[in-house]
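Contents: one structure, followed by commentary.
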Amino acid sequence: MRVFLIVIGEVVPVLVLVGLVFVERWKRDKSGERPPIREKLLREPGHTLRRQFAAGNETFLGWFFGAMGAGCFFGFLLFSEPPGYESMCLAVALAAAVCTLMGWRTLKGLRPLRLGILGEQAVAEQLQSLIARGYQIFHDVPGSGKWNIDHVAVGPAGVFAIETKARSKKPGRKKQQEHEVIYDGKTLRFPWGEDNATLEQARRNGRWLAEELSKATGERVAVQPMVVLPGWYVTMTTRSDLKVLNAKVVPEIIANEEPVISSESVQRIAYQLDRRCRDVEL
């Protein structure tokens, strides 16, 4: 009986908390509570990653409570020894192990998401200075599938599709500094490895956005793709059609480009981007 009470004392608070959460949601829905603003809002930097991070957190909590509940039940079986408890203990121990493993894998997946969110926020802060120079900035522009373009800047020098990649720094090649990435026009060479996929992704995003904006506006729209690596010093060994830059230099690079489109075209393009990105509901 004592063991039973101990297990109940561990499990009941968790069950009560979960129950209160569902009851609160039910009461809020039943009361007709609704946001004060009906209009949809623009996406913020890292919008997609934030949603993935939130979903990952919920998944982790599910595995966490599953492992904890299985552990408590295992203890109850071990000390109370009901009929056939050996088989039950084995099954519960296996369930606890699965929950623990899946929880750990989920937790590991949250770290790159958090790094990506911070990277997109860092680039967004740098792009803010372009607003005073006649540019409009859009973040997390949704594509035609389950993907997005991290940032799009539209202004006098045209349209820029910016792909942000936040990469951790760690020791690697002896002849390459830890803070340096070398770009030869075909490959990004980090101290610890190479990346070809990001360059193709940026070019593919640029082509798609140019096609979509051209259709929507009825005029030919050129898009310049860029790859931005927050916190990295980029060494270019050759000229390339695709710029790879540190976040801090992006505003000056864009602002120093020659004007190529009219203010009317800027407004038409910005209108289409606004329509695509304005899908956040309160």
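Quick one: which of A166, A153 is in the same structural domain as V234 (by TED's automatic domain parsing), part of a strand (DSSP E or B) and under 17 Å from L245 (Cβ atoms)?
A153
Going by what's in this entry, would A67 be described as surrounded by 20 or more Cβ atoms within 10 Å (Cβ to Cβ), touching a residue at least 12 places away in the same chain (Cβ under 8 Å), of a type in the set (A, V, I, L, M) and not assigned by TED's automatic domain parsing to the domain that holds V266?
Here the answer is yes, as A67 does meet what is asked.
Looking at the stretch 217-236, is at least one residue within 20 Å of G116 (Cβ to Cβ), surrounded by fewer than 18 Cβ atoms within 10 Å (Cβ to Cβ) and within 19 Å of the chain's Cα centre (by Cα)?
Yes, because at least one residue in the stretch 217-236 is within 20 Å of G116 (Cβ to Cβ), surrounded by fewer than 18 Cβ atoms within 10 Å (Cβ to Cβ) and within 19 Å of the chain's Cα centre (by Cα).
Have a look at G103, G75, G119 and point out the one that is in contact (Cβ under 8 Å) with a residue 60 or more places away in the chain, over 17 Å from M226 (Cα atoms) and part of a helix (DSSP H, G or I).
Of G103, G75, G119, the one residue that is in contact (Cβ under 8 Å) with a residue 60 or more places away in the chain, over 17 Å from M226 (Cα atoms) and part of a helix (DSSP H, G or I) is G75.
Looking only at helices (runs of 4 or more DSSP H) that fall completely inside the stretch 172-282, which ones have 3 or more residues that are of a type in the set (V, I, T)?
Ranges flagged: 250-255.
Can you tell me which residues in the stretch 154-164 are in contact with a strand residue (DSSP E or B) (Cβ under 7 Å, 6 or more places away or on another chain) and surrounded by fewer than 23 Cβ atoms within 10 Å (Cβ to Cβ)?
If the condition is that a residue be in contact with a strand residue (DSSP E or B) (Cβ under 7 Å, 6 or more places away or on another chain) and surrounded by fewer than 23 Cβ atoms within 10 Å (Cβ to Cβ), then G158 is the only one that fits.
Could you go through the stretch 106-119 and let me know if any residue there is crowded, with 16+ Cβ neighbours inside 10 Å and within 22 Å of G206 (Cβ to Cβ).
Yes - at least one qualifying residue is present in the stretch 106-119.
For E194, only one of the following conditions fails: (1) free of Cβ contacts under 8 Å to residues at least 60 places away in the same chain; (2) in contact with a helix residue (DSSP H, G or I) (Cβ under 6 Å, 6 or more places away or on another chain); (3) closer than 17 Å to V234 by Cβ. What is its number?
Condition not satisfied by E194: (2).
The values are calculated or read from the model by the stated rules, or taken from the named source; none is laboratory data. Fair warning: this is a prediction, and the values are worked out from it, not measured in the lab. With ideal geometry, Cβ positions are generated from the backbone for all residues, glycine too; neighbour counts draw on all protein chains shown.
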